[in-house]
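Let me begin by presenting the structure, written as structure tokens, before commenting on it.
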Amino acid sequence: MSSRKVLPTKINLISMRNQLKLIRVIKRLLENKREVLLIYLRTYVNEYEKIYNEVNEALRGVYDSYLKAVVDEGISNIEMIASSQVSSLQLRSSTKVIFGVKIPVTEIDESTIPPKPFSEVEISPHLSEAFDNMKATLVKVIKLVELESTIRSLVAELRKTQRLINAIDTSILPFYNSSVKYIRSILNDRSREEFVRLKVTRRILQRRRESGR
């Protein structure tokens, strides 16, 4: 939008100046929001990296125990044990709001984790160890998923906030600044023209008075 389309009046000049002040306040608030979002984002990324490394380490241990169990029991026996289990795992999901951003909250109902489907005596201790370690790691896996969703939401909001700041810097502020400058320039020109007109008029009137004496 060109500033030339703005009607150069004193009322519009006052209105533009007030809007310009408001836009600058909005920009400052958006910049503050961006800084807070960055702080939250860094916090959650650090937590994600910590849990990610813990989960990776734990799953490596689970896989190692599982492979040893396969050697002891045979893959067919382990697959039979796995296929005898009924899916019973349940999750509770909700949302919380962080600085205007909806964040997912996911919790595993640990009571729905199925019990160990074999006796410690009749099966390889490596399989029992893999089961116990996987059960303990499952809670962290769910937390990892929650953190990833949280980071995605914060990044999306951060990008949206940055786009608004960019729009203010590249489009909105230049328009209002140029509009204020344009209106002020026109009004100043009119004021000078009016001053010259009044001065000329006074001279004419003065000459007439002098010639009428």
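No lab work stands behind these numbers, since they all come straight from the coordinates. Fair warning: this is a prediction, and the values are worked out from it, not measured in the lab. When we count neighbours, we look across all protein chains shown, and the Cβ atoms used for this are built from the backbone with ideal geometry, even at glycine.
Only sites in a loop by DSSP and with at most 14 other Cβ atoms within 10 Å count here; which GluC sites (Glu not before Pro) in the stretch 104-213 make the cut?
On the way: sites: Glu107, Glu110, Glu120, Glu122, Glu129, Glu146, Glu148, Glu157, Glu193, Glu194, Glu210; in loops: Glu120, Glu122.
Of the GluC sites (Glu not before Pro), the ones in loops of the stretch 104-213 whose Cβ has at most 14 other Cβ atoms within 10 Å are Glu120, Glu122.
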- prompt: Between Asn166 and Asp72, what length in nm is gained on full extension when 0.36 nm per residue of separation is reduced by their alpha carbon distance?
  reply: 27.6 nm
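Using only helices, what value at 222 nm comes out for the chain when you add -39,500 (n - 2.57) per DSSP H run of length 4 or more and divide by the total residues, to the nearest 500 deg cm²/dmol? Please report the intermediate quantities before stating the final value.
On the way: 4 runs with 155 residues, N = 213.
Theoretical 222 nm ellipticity from helices: -27000 deg cm²/dmol.
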- prompt: Under the Karplus relation 6.51 cos²θ - 1.76 cosθ + 1.60, θ = phi - 60°, what is the ordered set of whole-Hz ³J(HN,Hα) values for the stretch 104-118, x standing for Gly and Pro?
  reply: x, 10, 10, 10, 8, 7, 5, 6, 8, 5, x, x, 4, x, 7
- request: Show the residues, 5+ positions off or on another chain, whose built amide H is closer than 5 Å to the amide H of Ile108.
  value: Arg92
- prompt: Top mean-square fluctuation among Arg184, Arg203, Arg192, Gaussian network model of the chain, C-alpha springs under 10 Å?
  reply: Arg203
field: Dipole axis of the stretch 66-197 (+1 Lys, Arg; -1 Asp, Glu on Cβ), positive-most option in Val155, Val180, Tyr66
entry: Val180
query: Around Asn53, with a cut-off of 12 angstrom between Cβ atoms, what is the net charge of the other residues, counting Lys and Arg +1 and Asp and Glu -1?
result: -1
message: In the stretch 8-167, if the dipole is taken from +1 on Lys/Arg beta carbons and -1 on Asp/Glu beta carbons about the Cα centre, which of Leu41, Pro8, Ile123 is farthest to the positive end?
response: Pro8
field: Isotropic mean projected area of the C-alpha convex hull, the stretch 1-103 (nm²)
entry: 13.2
task: Only Lys, Arg, Asp and Glu count, each charged at its Cβ (+1, +1, -1, -1), so figure out the dipole size of the chain about its Cα centre, rounded to 20 debye.
output: 4760
- request: Quickly work out the Asn18-to-Val155 label distance, labels modelled 7 Å from Cα along the C-beta direction, and quote it in nm with one decimal.
  value: 4.3
statement: Dipole check, the chain, charges on Cβ (K,R +1; D,E -1), about Cα centroid: among Val196, Ile26, Gln206 the Cα furthest to the positive pole belongs to Gln206
Arg184 versus Leu7: modelled label distance in nm, points set 7 Å from Cα along the beta carbon direction: 2.2
- prompt: With charges only on Cβ, +1 for K and R and -1 for D and E, what is the dipole size of the stretch 139-208 about its Cα centre, in debye, rounded to 20?
  reply: 820
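Using just the Cα positions, wrap the chain in a convex hull and report its mean projected area in square nanometres, one decimal place. Can you show the working numbers first?
Values: hull surface 74.0 nm².
Projected area, direction-averaged: 18.5 nm².
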task: Would you grab the residues whose amide H sits under 5 Å from the one on Ile98? Only those 5+ places off in sequence or on another chain, please, with H modelled 1.01 Å from N.
output: Ile103
